[in-house]
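Here the structure comes first, spelled out in structure tokens, and everything after it is commentary.
The values are calculated or read from the model by the stated rules, or taken from the named source; none is laboratory data. Worth saying up front: this structure is predicted, and the values here are computed from it rather than measured. A quick note on method: Cβ atoms are made from the backbone with ideal geometry, for glycine too, and the neighbour counts reach across all protein chains shown. Only protein heavy atoms, including side chains, enter the accessible area calculation; ligands, DNA and RNA are left aside. Shrake-Rupley method; radii C 1.70, N 1.55, O 1.52, S 1.80 Å.
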Amino acid sequence: MEVRATPRAEQVVRRVAGGGRPDLVMVLGTGCCDSTAPFLYDRYVMGSDMVDVGRVAGVPVFAHRWLADLYAGTDGLEVDVDEGVINDSFSLESEEDCRFTLRVTGSPKASA
């Protein structure tokens, strides 16, 4: 599983980081309602089932093993930004009046 980001998502991450948030990390698969949504936290304590799946604007992205395994057969995932939506999230980008979203990119990888 490889995670990439749109330029807009990278811009939002940089803006949050520039606001003085230390030790940022993006985590996939922690939401109570959006189980695969990207969440941006500072000083997050990860569980033992987390794996490193990429970077967004230099910020490490981690996913729960079950999610990484679920998308292992795809060309990857992309973090993007939805604007103009209700953003009642604990994720730090909600302070920027937007919400990260996760999209599957490409198609399933061919089996060898």
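Criterion applied to Y44, Y71 was being surrounded by fewer than 17 Cβ atoms within 10 Å (Cβ to Cβ), farther than 17 Å from T6 by Cα and over 13 Å from the mean Cα position of the chain (by Cα), and the one residue passing it is Y44.
For V53, are the conditions met, namely being surrounded by 13 or more Cβ atoms within 10 Å (Cβ to Cβ), in contact (Cβ under 8 Å) with a residue 24 or more places away in the chain, β-branched (V, I, T) and over 14 Å from F100 (Cβ atoms)? In short, yes.
Each row is one residue, and each column tells you yes or no for (1) over 13 Å from the mean Cα position of the chain (by Cα); (2) part of a loop (DSSP other than H, G, I, E, B); (3) among the polar types (S, T, N, Q).
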residue	(1), (2), (3)
R4	no, no, no
Q11	yes, no, yes
G20	yes, yes, no
V25	no, no, no
E78	no, no, no
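Considered as a group, the residues in the range 83-94 that are modelled with pLDDT of 80 or more and surrounded by 13 or more Cβ atoms within 10 Å (Cβ to Cβ) include one that is farthest from V3 (Cα to Cα), and that residue is S94.
Contact annotation: residue pairs with Cβ atoms under 9 Å, 6 or more positions apart or on different chains, pairing a residue in the range 99-112 that is open to solvent by 100 Å² or more (accessible area, probe 1.4 Å) with a partner that is at pLDDT below 90 and of a type in the set (D, E), are P108/D75; K109/D75.
Selection of first residues in the range 59-83 that are in contact (Cβ under 8 Å) with a residue 40 or more places away in the chain and of second residues that are open to solvent by less than 20 Å² (accessible area, probe 1.4 Å) and of a type in the set (D, E), restricted to Cβ pairs under 9 Å at least 6 apart or on distinct chains, gives the following pairs, ordered by first then second residue: V81/E93.
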